[in-house]
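Reading through the structure tokens given below for one structure.
The values are calculated or read from the model by the stated rules, or taken from the named source; none is laboratory data. Model, not experiment: these values are computed from the prediction. Cβ atoms come from the backbone with ideal geometry, glycine included; neighbour counts cover every protein chain shown. These accessible areas exclude ligands, DNA and RNA; they are computed on the full protein's heavy atoms, side chains included. Shrake-Rupley method; radii C 1.70, N 1.55, O 1.52, S 1.80 Å.
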Amino acid sequence: MDYDAMDMDTEALGPAVKISEADSTHVNFELSNVDLSFANSLRRIIQAEVPTVAIDLVEFMANTSVLADEFIAHRLGLIPLDSRNIKDMPMARDCDCGGHCDKCTVILTLHAKCLGDEIMNVHASDFSVSSARPNQTVGNPIITDPEGLGPLICKLRKGQELHIECMAKKGIAKEHAKWMPTSAVGFEYDPHNKLHHLDLWYETDAEAEWPKSKYADWEDPPQEGEPFDYDAVPNRFYFEVESAGNIDPDAIIQLGISELQQKLAKLITGLGEKSNIDDQYDGPQSPGAMDDGAMYQNDGYQTAYGNGGAQSAWGGGATAYGTTPYGNSGQGGWS
């Protein structure tokens, strides 16, 4: 198949997505007719800014296991929790409760004690999830193993006990990796290295250290003696997205695109006129932005060492100590 001819035919149609493989845990697709910055932005967002639910706070009522409280708390944070209906749950910092409530927090409790002689395994399936939550799916531990036990939390010997209460909250992986919706994201373009982006990224043998991926069969290899195109840019990108189990892989992509749209909308609004910013945008702004686009000019500020003028010692104003190296007004003093 002549892929170059196909690219020319589809270029006028805008961005295109072709799914090559998909199931309940991962999706592989090709994104074409976009530039590298857009494709890489999508990759970064689906990894770090798609919100999920994860255990954020742990209260230990009893822990006589061999593992320290901090060690168990770290393991609990990495247990994937169902986040498919995450839109029903606000961020805790945006909730009106000021701390935690049934709207922004899911409570999970676990109480296990080994009474027999054999070692007792404590799994995520032993959690009891509170019914007071935004919906009846968000916050449930993800259990995919054939035994239906879920991730192992710890092991208890006879007489040992673990009694904890956990608070799961909404967050993004930019704040902590426990909120990451993906376990792996593969990203590749130019499998034949026609653009020579990898020419210097090897030690002894580039062919051995950069083996061709399966996507090399999707594109025509460079012809012998083919001149290098200095204006060529990549426009076909191959993604392999593997979900951590808390969100379906196709939903991760859709939520990532939605987040990217919101970011671009805020950027467009922020670059507009100041009147529009004041009315619609509540994010960070440059201090003293002028309606006509002029640079903000600051005449200084009054300090305890000044004489009530508009300027400070740093801007050439008079001070109680006379002239300073930073100004030329005032009487006597430093030279």
Answer with yes or no whether Arg93 is part of a helix (DSSP H, G or I) and without any contact (Cβ under 8 Å) to a residue 12 or more places away in the chain.
yes
Any idea how many residues of the stretch 20-73 are surrounded by fewer than 17 Cβ atoms within 10 Å (Cβ to Cβ), β-branched (Val, Ile, Thr) and at pLDDT below 95?
1
Restricting to the stretch 199-229, give me the number of residues that are closer than 21 Å to Phe29 by Cα and among the small types (Gly, Ala, Ser).
2
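Is the stretch 113-120 home to any residue that is among the acidic types (Asp, Glu), open to solvent by 40 Å² or more (accessible area, probe 1.4 Å) and either more than 22 Å from Lys178 (Cα to Cα) or touching a residue at least 24 places away in the same chain (Cβ under 8 Å) (or both)?
Checked the stretch 113-120: at least one residue is among the acidic types (Asp, Glu), open to solvent by 40 Å² or more (accessible area, probe 1.4 Å) and either more than 22 Å from Lys178 (Cα to Cα) or touching a residue at least 24 places away in the same chain (Cβ under 8 Å) (or both).
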Does Leu76 fit the bill of being outside any loop (DSSP other than H, G, I, E, B), touching a strand residue (DSSP E or B) at 6+ places or on another chain (Cβ under 8 Å) and crowded, with 17+ Cβ neighbours inside 10 Å?
yes
Pro134 - would you say it is surrounded by 20 or more Cβ atoms within 10 Å (Cβ to Cβ), without any contact (Cβ under 8 Å) to a residue 60 or more places away in the chain and in a loop (DSSP other than H, G, I, E, B)?
yes
Residues being open to solvent by 30 Å² or more (accessible area, probe 1.4 Å) and part of a loop (DSSP other than H, G, I, E, B) - total across the stretch 178-193
3
Among residues belonging to the stretch 196-224 that are of a type in the set (A, V, I, L, M, F, W, C) and at pLDDT 90 or above, point out the one that is least open to solvent (accessible area, probe 1.4 Å).
Ala216
Pairing a residue in the stretch 66-88 that is over 17 Å from Gly150 (Cβ atoms) with any residue that is not β-branched (Val, Ile, Thr) and not in a loop (DSSP other than H, G, I, E, B), where Cβ atoms lie under 6 Å and the two sit 6 or more apart in sequence or on different chains, gives Leu67/Cys154; Asp69/Phe60; Asp69/Asn63
I'm told Lys158 meets every condition in (1) open to solvent by less than 60 Å² (accessible area, probe 1.4 Å); (2) in a loop (DSSP other than H, G, I, E, B) except one. Can you identify the failing condition by its number?
(1)
Are any residues in the stretch 161-177 surrounded by fewer than 21 Cβ atoms within 10 Å (Cβ to Cβ) and either on the phi > 0 side of the Ramachandran plot or touching a strand residue (DSSP E or B) at 6+ places or on another chain (Cβ under 7 Å) (or both), and if so, which ones?
Glu161, His163, Glu165, Met167, Gly171
Just give me the residues in the stretch 214-248 being hydrophobic (A, V, I, L, M, F, W, C) and either closer than 28 Å to Met180 by Cβ or free of Cβ contacts under 8 Å to residues at least 60 places away in the same chain (or both), in sequence order.
Ala216, Phe228, Ala232, Phe237, Phe239, Val241, Ala244, Ile247
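Within the stretch 114-167, how many residues are under 25 Å from Pro51 (Cβ atoms) and in contact with an Asp or Glu (Cβ under 7 Å, 6 or more places away or on another chain)?
12
Pick from the stretch 232-270 the residues that are of a type in the set (A, V, I, L, M, F, W, C) and part of a loop (DSSP other than H, G, I, E, B): which of them is least open to solvent (accessible area, probe 1.4 Å)?
That would be Ile247.
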Subset of the stretch 93-109, residues among the hydrophobic types (A, V, I, L, M, F, W, C) and surrounded by fewer than 20 Cβ atoms within 10 Å (Cβ to Cβ), comes to Cys95, Cys97, Cys101, Ile107
Within the stretch 121-131, residues of a type in the set (Val, Ile, Thr) and either free of Cβ contacts under 8 Å to residues at least 40 places away in the same chain or within 22 Å of Asp102 (Cα to Cα) (or both) come out as Val129
